[in-house]
Amino acid sequence: MASKPWGLTNSQYEDFLAMRRWFRFQRSPDREPTRGHQTRYEHDIAVLLLEDLVSGGTARAAVLRASTSVERQIVDLRGAIDETTSWRLNWTPTDEPTQTTPVLSASATPAEVRLAIESLAAFAPGDVRVEFGRHVRDDAETWNIHRWVIELTGQFSGTEVPLFDPEIVSGSNLAFSVVEGTVVEDTGTTMIVRSVVPVGTPTPLRRGAIAICAWLEGFGWTVHAIEIREVQSVY
């Protein structure tokens with residue numbers, strides 16, 4: 001019985017396990033993959049399709065892994081957010097004084113956040129990119145989540161950098177955090193995956209889409225979930 005998925009070397013296996021944990025599809029996160037009464041390995045994997053995959057067919061796919069990086073930081077503001085809510089970020093390089101951005105509103109645009117960071121003495125134009133993260137609204141009256149994704153580039157690429165320290169300037173009943181972001185990478189390993197669920201013609205399993213695969217005895221790695229690219233009703 002194989003102790004690891006096809007195509008992965010021993011040195012890649014820890015990254016493979018970490019990728020599984022990140023996608024949260026595994027059923028036994030601290031155990032070696034085994035085949036039980038369901039005759040399948042007890043984990044799923046994420047892949048990037050390199051070819052279109054038709055019903056009952058096979059296609060080449062690149063195995064993906066996920067890792068966290070301090071160069072990509074997620075700013076997460078949640079709670080009773082309104083027009084009076086404001087915040088700022090503190091940056092403390094090793095053995096240097098803390099630098100603080102100008103105050104920003106809860107509705108700050110990515111460009112406003114970028115300019116606030118670039119105003120710090122440690123930063124220069126081109127050292128940072130900012131985009132909106134997923135905006136989740138649980139209750140429009142009492143609870144909101146605003147996110148910004150900060151990517152450190154330029155002189156900070158490939159270096160050890162500190163996390164920004166978030167600070168609420170005005171507002172109440174709020175939670176504010178900055179965490180390392182997750183980056184999905186290609187492991188450099190390719191494998192053959194199979195479609196065992198009829199998907200119709202033309203196939204929605206298109207080249208470039210991310211798919212989730214499970215091991216099925218007698219079939220190998222089979223696709224059971226796919227990134228949604230387009231939804232169309234057919235009558």
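The values are calculated or read from the model by the stated rules, or taken from the named source; none is laboratory data. Bear in mind that the values here come from a model prediction, so they are computed numbers and not experimental data. All Cβ positions, glycine included, derive from the backbone under ideal geometry; neighbour counts span all protein chains shown.
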Practice task
For region 30-45, indicate whether the set of residues that are modelled with pLDDT of 50 or more and assigned to a strand (DSSP E or B) is non-empty.
Solution key: yes
Practice task
Say whether the condition of being surrounded by 18 or more Cβ atoms within 10 Å (Cβ to Cβ) and modelled with pLDDT under 90 is met by at least one residue in region 75-82.
Solution key: yes
Exercise for the section: Evaluate region 220-232: report whether one residue or more is at pLDDT 85 or above, among the aromatic types (Phe, Trp, Tyr) and farther than 16 Å from Leu64 by Cβ. Expected result: no
Handout entry: Pairs with Cβ under 7 Å, 6+ apart, first in region 119-131 and of a type outside the set (A, V, I, L, M), second surrounded by 19 or more Cβ atoms within 10 Å (Cβ to Cβ) and in a loop (DSSP other than H, G, I, E, B)
Key = Ser119/Thr101
Problem - In region 204-220, the residues that are surrounded by fewer than 15 Cβ atoms within 10 Å (Cβ to Cβ), in contact with a Lys or Arg (Cβ under 9 Å, 6 or more places away or on another chain) and of a type in the set (D, E, K, R) - result: Glu217
Practice task
Kindly indicate whether any position in region 178-190 is more than 23 Å from the chain's Cα centre (by Cα) and assigned to a strand (DSSP E or B).
Solution key: no
Exercise for the section: Go through (1) closer than 30 Å to Glu96 by Cβ; (2) exposed (fewer than 15 other Cβ atoms within 10 Å of the Cβ); (3) touching a Ser or Thr at 6+ places or on another chain (Cβ under 9 Å) one by one and return the number of the condition His146 breaks. Expected result: (2)
